[in-house]
Amino acid sequence: MLSMSFEGFLLMKKFILAFISIIFSFSTLADVDKRFVKKRMMGRDLNSREGKGPTPVAFFENKSPQQTELGQKINLDKFFKAPGNFSAVAMKDGKIVYERYNKKLKANPDFYAHGMSMTKTALGLTMGHLLCSGQIKSLDDIASKYSASLNNSIYKDITIRNLLRMSSGINENRDNERKLNHIMMNRQNNGSNDLVKVIQKIKTKFSEQGKMSRYHSLDITAASILINEITQKSVAQVFFEDVFPNIKPEGSLYWLEDNNKMSLGMAGMFMKTRDWANMANYMNKEINSKSCMGNYLLDGIKNALPTNLRKYQKYGYYFWISEISGKPVIVLTGKWGQIAVANHYNNSVIALLSVTNKFKYKGKKIIQEIIPAATMELGNF
């Protein structure tokens, strides 16, 4: 009886654990992000997590750190002092004129903040580098011309331009989105933590490409695969080697990846707050100098499409377009209130990072009211 009772206990234990696992696997995207935020953004030291923890993290050391130039200070606390705001940096003419860190959230200049979907813009800049270096001949080329994996998928006829604008017309399937987020959290227990396999399992398409930007993670995952197969390097490696030095970063770089060391595209990049601002400033600089990268960014503004997500914005080459004083400017956003604005007209930058769901100014209000007001004040400075 004792033996049977013990076996029954073990069986019941296995059942309970399996049930918990099933319930956990059906977590919503919001739940995934909440756990992700708590584990990855709220005080965890990524320096001690290289190659450890639930999600692989690639670390790229900046051996030539730059010192961002400081300018005359301006007080923008009225815009950015909300309790949930983690940090904020504003730049004018390439110099920091405002900087604030939330001491209650243990924020400081050396903290590596997750940009969430602002990571997409880094991938877009990497694609711009491939175009300017001749590794891609045209954005209107079919992506599968450069990628065997995409040629063996529903993406075989999609152009690079439509990958960049998330306008492939590929069906946004909730199960596929969940798989991608499981990869981000490394919750695929069967070893299928593989971005290529996720893409190649997609079989449905619901609209013609190039008509509307439908914001989801699948197109940018295809773009990450494309860059990987063109360069035989991860997106993170190419970005670190060929783009990152140009933003004149102060810190190093962390980027989440799958089990095959392929960089996540939809999120996963960590930088210091100053370096998120420096990246936006780099975009301003390239546009105003009319470089190849600058022309690529302007092309992204010119060819931006309306989106299914925000009627008050358009979507370019992995960045949003907002109207400020009637002029289109580049805006980077992340799920929990991360935002960076690159206003090349008055050569100003705002980088705001929020790391909790207590972020005070949600979505439309901060994009249409708070940021434009702060940008205008910077323009008059």
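Here's a check for you: in segment 81-128, which residue that is touching a strand residue (DSSP E or B) at 6+ places or on another chain (Cβ under 7 Å) and hydroxyl-bearing (Ser, Thr, Tyr) is surrounded by the most Cβ atoms within 10 Å (Cβ to Cβ)?
Looking at residues that are touching a strand residue (DSSP E or B) at 6+ places or on another chain (Cβ under 7 Å) and hydroxyl-bearing (Ser, Thr, Tyr), I get Thr119.
Of these, Ile287, Ile227, which one is under 19 Å from the mean Cα position of the chain (by Cα) and either of a type outside the set (Phe, Trp, Tyr) or more than 27 Å from Tyr98 (Cβ to Cβ) (or both)?
Every option except Ile227 fails the conditions.
Inside segment 201-227, can you point out the residues that are assigned to a loop (DSSP other than H, G, I, E, B), farther than 21 Å from Asn303 by Cβ and of a type in the set (Ser, Thr, Tyr)?
Thr204, Ser217
Which condition breaks for Ile287 when tested against (1) surrounded by 17 or more Cβ atoms within 10 Å (Cβ to Cβ); (2) closer than 15 Å to Thr333 by Cα?
Going through the list (1) surrounded by 17 or more Cβ atoms within 10 Å (Cβ to Cβ); (2) closer than 15 Å to Thr333 by Cα, Ile287 breaks only (2).
Six or more apart or on different chains, Cβ atoms under 6 Å: show the pairs whose first residue is in segment 301-312 and closer than 18 Å to Ser207 by Cβ and whose second is at pLDDT 85 or above and of a type in the set (Val, Ile, Thr).
Listed by first residue and then by second, the contacts come to Ala304/Ile321.
Looking at the structure I just gave you, is Ile230 surrounded by 19 or more Cβ atoms within 10 Å (Cβ to Cβ), modelled with pLDDT of 85 or more, in a helix (DSSP H, G or I) and of a type in the set (A, V, I, L, M)?
Judged against the criteria, Ile230 is not a match.
Every residue in segment 267-292 that is touching a strand residue (DSSP E or B) at 6+ places or on another chain (Cβ under 6 Å) and farther than 14 Å from Met116 by Cα, please.
Of everything in segment 267-292, those that are touching a strand residue (DSSP E or B) at 6+ places or on another chain (Cβ under 6 Å) and farther than 14 Å from Met116 by Cα turn out to be Arg274, Ala277, Ala280, Asn281, Met283, Asn284.
If a residue counts only when it is more than 27 Å from Gly265 (Cα to Cα), at pLDDT below 85 and not aromatic (Phe, Trp, Tyr), which strands (runs of 3 or more DSSP E) contained entirely in segment 1-110 have at least 1 such residues?
No strands (runs of 3 or more DSSP E) qualify here.
Those residues that are in contact (Cβ under 8 Å) with a residue 12 or more places away in the chain, surrounded by fewer than 17 Cβ atoms within 10 Å (Cβ to Cβ) and either of a type in the set (S, T, N, Q) or not in a loop (DSSP other than H, G, I, E, B) (or both), I need them from segment 143-169; list them, please.
Answer for segment 143-169, where residues must be in contact (Cβ under 8 Å) with a residue 12 or more places away in the chain, surrounded by fewer than 17 Cβ atoms within 10 Å (Cβ to Cβ) and either of a type in the set (S, T, N, Q) or not in a loop (DSSP other than H, G, I, E, B) (or both): Ala148, Asn152.
Any residue in segment 313-334 that's without any contact (Cβ under 8 Å) to a residue 60 or more places away in the chain and farther than 15 Å from Ala122 by Cβ: show its pairings with residues that are of a type in the set (Lys, Arg) and in a strand (DSSP E or B) at Cβ separation under 6 Å, as long as the two are six or more apart or on different chains.
If the second residue must be of a type in the set (Lys, Arg) and in a strand (DSSP E or B), the pairs left are Ile321/Lys314.
Please go through segment 296-307 and give me each residue that is part of a helix (DSSP H, G or I) and either of a type in the set (Val, Ile, Thr) or crowded, with 17+ Cβ neighbours inside 10 Å (or both), ordered by number.
Listed by number, the residues that qualify are Tyr296, Leu297, Leu298, Asp299, Gly300, Ile301.
Have a look at Ser325, Ser348 and point out the one that is under 25 Å from Asn102 (Cβ atoms) and either in contact with a Ser or Thr (Cβ under 8 Å, 6 or more places away or on another chain) or of a type in the set (Ser, Thr, Tyr) (or both).
That would be Ser348, the only listed residue that is under 25 Å from Asn102 (Cβ atoms) and either in contact with a Ser or Thr (Cβ under 8 Å, 6 or more places away or on another chain) or of a type in the set (Ser, Thr, Tyr) (or both).
Report yes if Met271 is closer than 24 Å to Ala351 by Cβ and not in a helix (DSSP H, G or I), otherwise no.
yes
Each row is one residue, and each column tells you yes or no for (1) touching an Asp or Glu at 6+ places or on another chain (Cβ under 6 Å); (2) crowded, with 21+ Cβ neighbours inside 10 Å; (3) more than 26 Å from Ala222 (Cβ to Cβ); (4) at pLDDT below 90.
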{"residue": "Ser291", "(1), (2), (3), (4)": "no, no, yes, no"}
{"residue": "Leu309", "(1), (2), (3), (4)": "no, no, no, yes"}
{"residue": "Trp320", "(1), (2), (3), (4)": "no, yes, no, no"}
{"residue": "Ser325", "(1), (2), (3), (4)": "no, no, yes, yes"}
{"residue": "Thr333", "(1), (2), (3), (4)": "no, yes, no, yes"}
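The values are calculated or read from the model by the stated rules, or taken from the named source; none is laboratory data. Predicted model only: the values in this text are computed from it and were never measured. Here Cβ is always computed from backbone atoms with ideal geometry, including for glycine, and neighbour counts include all displayed protein chains.
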